[in-house]
Amino acid sequence: LARTLTVSGASWSTPATSFPLRSYGRARITRTYYGKGAYHMDGIGGYDYYEVKDSIPITSLRLGGVEWMVDDPPHWLGLQLIARECRGRVLCVGLGLGLIVFALRGNSAVSEVAVLEKEEEIIRLIAPLLPPCKVLRGDFWRFARFHEYDTIFVDIWSGYETRPKVLEMKRALALLRERAPHAAAYLWGLRDPLFNPAYRPAP
Ligand SMILES: C[S@@+](CC[C@H](N)C(=O)[O-])C[C@H]1O[C@@H](n2cnc3c(N)ncnc32)[C@H](O)[C@@H]1O
């Protein structure tokens, strides 16, 4: 039996719904609407699909031709589930729309939030819209200070799951195990609830 979440335009919003439609260099915030119908949820929050009753606003972040992030139901629900598991000093890798920073606000077990992002234009566009947090410019694969954090959440991929992407996710986990063995590591995109608390497989 398919597990379906119902979403209604009357009640649906995310922190990005009120973002201004601005751009900075090649980085751009855009907004569209998803119409009535069923969409994939891919096991996020334990749902296979979500059904839009009327229409919902969807905000996205693009850099040049790449859509890096959307605030659709799987992303916003999933990031809130990941935020609940975070503790202490938290490093989020990949700024995107910064939704994870909003999701972490309600978690009193979190003492500090830092975000590592490699694209200057995304930082300039998004960082001013966020609750207090430290934004660092850098590349995940070259970052040298993972040991300063208790929780590390990596979300640096976009688009559909492909085998090379999954292999890269596993490489990212291996790198964190080596550089920050004490830290809890979570990663958006893997279909494994141990590393991705947003994902709940069918019972
Ligand atoms: C899917 S978005 C992150 C969404 C974010 N978690 C949120 O809550 O909105 C991915 C982000 O990772 C960044 N990124 C991609 N590769 C990176 C890397 N190697 N190091 C740091 N950031 C990277 C992209 O520029 C983009 O901003």
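So what is log10(I(q)/I(0)) for the range 112-187 at q = 0.12, 0.13, 0.23, 0.27 1/Å, when the Debye sum runs over its Cα atoms only?
Log-scaled intensity ratios, in q order: -0.37, -0.43, -1.18, -1.34.
Bin width 5 Å, alpha-carbon pairs only: give the P(r) of the range 1-119 as whole percents, running from 0 to the bin holding the largest distance.
Binned Cα distances yield the sequence 2, 11, 19, 20, 20, 15, 10, 3, 0, 0.
Non-local amide H neighbours of Trp68 (under 5 Å, H modeled in plane, Pro and chain starts lacking H): which ones?
The answer is Leu61, Arg62, Leu63.
Using only the C-alpha atoms of the chain, find the volume of their convex hull and express it per residue in Å³.
Details: hull volume 25.2 nm³, N = 203.
It is 124 Å³ per residue.
Taking the number of other C-beta atoms within 10 Å as the exposure measure, put Leu173, Leu116, Leu21 in order starting with the fewest. Numbers along the way, then the final one.
Numbers: Leu173 18, Leu116 23, Leu21 9.
The fewest-first ordering by Cβ neighbours comes to Leu21, Leu173, Leu116.
Note down the net charge around Leu21, summing +1 for each Lys or Arg and -1 for each Asp or Glu among other residues with Cβ under 14 Å from its Cβ.
Numbers: positive: Arg22, Arg28, Arg31, Arg62; negative: Asp71.
Neighbourhood net charge equals +3.
Given only helices, namely DSSP H runs of n ≥ 4 each adding -39500 (n - 2.57), what is the per-residue ellipticity at 222 nm of the chain, to the nearest 500 deg cm²/dmol?
Values: 4 runs with 43 residues, N = 203.
When only DSSP H runs of four or more count, the value is -6500 deg cm²/dmol.
Taking the Cβ of Gly37 as the centre, find all other residues whose Cβ is under 11 Å away and add up their charges (Lys, Arg: +1; Asp, Glu: -1).
Working: positive: Lys36, Lys53; negative: Glu51, Asp54.
Computed value for this residue: 0.
Can you give me the relative contact order of the range 132-192 as a percent, contacts being Cα pairs under 8 Å and 6 or more apart?
Details: 42 pairs, mean separation 29.2, N = 61.
Worked out over the range 132-192, it gives 48 percent.
What is the range 1-157's relative contact order, in percent, from Cα pairs under 8 angstrom and six or more apart in sequence? Present the calculation step by step, with values, prior to reporting the outcome.
Numbers: 310 pairs, mean separation 33.0, N = 157.
Relative contact order here is 21 percent.
So for the chain, taking the charge dipole from beta-carbon charges (+1 Lys/Arg, -1 Asp/Glu), which of Leu129, Gly37, Phe143 sits furthest toward the positive end?
Phe143
In whole angstrom, note down how far apart the Cα centers of the range 78-124 and the range 166-200 are.
15 Å
Each value in this text was obtained by applying a stated rule to the coordinates, not by laboratory testing. Just so we're clear, the structure is a prediction, and the values are computed from it rather than from any experiment. Because the Cβ atoms are built from the backbone with ideal geometry, glycine has one as well, and the counts that use them run over all protein chains shown.
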